[in-house]
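Undergrad: Take a look at the following structure, please.
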Amino acid sequence: MPLNVAQREALERLLLKDRERLVRRLRRMSELLNEENGEHAFSFHMADQGTDMMEREKAFLRAADEGRELQAIDAALRRLYREPSSFGTCDSCGQEMDFARLEAIPQATLCVTCKTREENQGPKS
């Protein structure tokens, strides 16, 4: 059963809220990284240099993950605005996704069955 207008509006609010949260976090990460690269860019002890480098790499990985999540949210919003009546349809099997699934992960593109199948197949070579 396709999503009704109230459900689509609720999902839009969730997506916009998640988008705002991610943008704020990415902006803050960027500010912190810029501050670190300012006056504290060089440590004098080799152990501190290694720790600093590891922390920067972890921050970059978190930012990359959050950037991918932001892209998925933006793609979901585009789908919701361009074709609201088909929003929530699984990209793989074409079945309607449960509202509970979309409420938990509004940017989902696969139903639980197809997502489970994808995860069980493992990475593609």
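The values are calculated or read from the model by the stated rules, or taken from the named source; none is laboratory data. Because the structure is a prediction, the values reported are computed rather than measured. Cβ coordinates were reconstructed from backbone atoms using ideal geometry, including for glycine residues, and neighbour counts include every protein chain displayed. Accessible surface areas use protein heavy atoms only, side chains included; no ligands, DNA or RNA. Shrake-Rupley method; radii C 1.70, N 1.55, O 1.52, S 1.80 Å.
Undergrad: If you take the charge dipole of segment 84-125 about its Cα centre, with +1 on Lys and Arg Cβ and -1 on Asp and Glu Cβ, which of G122, G88, A108 is farthest toward its positive end?
TA: G122
Undergrad: Now for a separate question. Run the numbers on the chain and let me know its relative contact order in percent, using alpha-carbon pairs under 8 Å that are six or more apart.
TA: Here the relative contact order equals 32 percent.
Undergrad: What spacing in nm lies between the two simple spin-label points modelled at A6 and E118, each 7 Å away from Cα in the Cβ direction?
TA: For A6 paired with E118, the spin-label model returns 3.0 nm.
Undergrad: Among (i) 121; (ii) 101; (iii) 136, which one is volume of the Cα convex hull per residue in Å³ computed from these coordinates?
TA: Checked against the structure: label (iii).
Undergrad: Using the alpha-carbon atoms, what tilt in degrees (0 to 90, nearest 10) does helix 5-36 show relative to the longest principal axis of the chain?
TA: Between the helix axis and the principal axis of the chain, the angle is about 10 degrees.
Undergrad: Just the accessible area per residue of the chain, please: how many Å² with a 1.4 Å probe?
TA: About 73 Å² of surface per residue is accessible.
Undergrad: Same structure again: Given axes a ≥ b ≥ c from the Cα gyration tensor, I'd like to know whether segment 82-125 is rounded (a/c under 1.5), prolate (a/b larger than b/c) or oblate.
TA: Judged from the Cα gyration tensor, segment 82-125 comes out prolate (a/c at least 1.5, a/b above b/c).
Undergrad: Which value at 222 nm does the chain reach when only helices count, each DSSP H run of 4 or more adding -39,500 (n - 2.57), with the total divided by all residues and rounded to the nearest 500 deg cm²/dmol?
TA: -23500 deg cm²/dmol
Undergrad: Also, quick follow-up: Which value, in debye to the nearest 20, gives the size of the charge dipole of the chain about its Cα centre, when Lys and Arg are +1 and Asp and Glu are -1 at the Cβ?
TA: Once rounded to the nearest 20, the dipole reads 460 debye.
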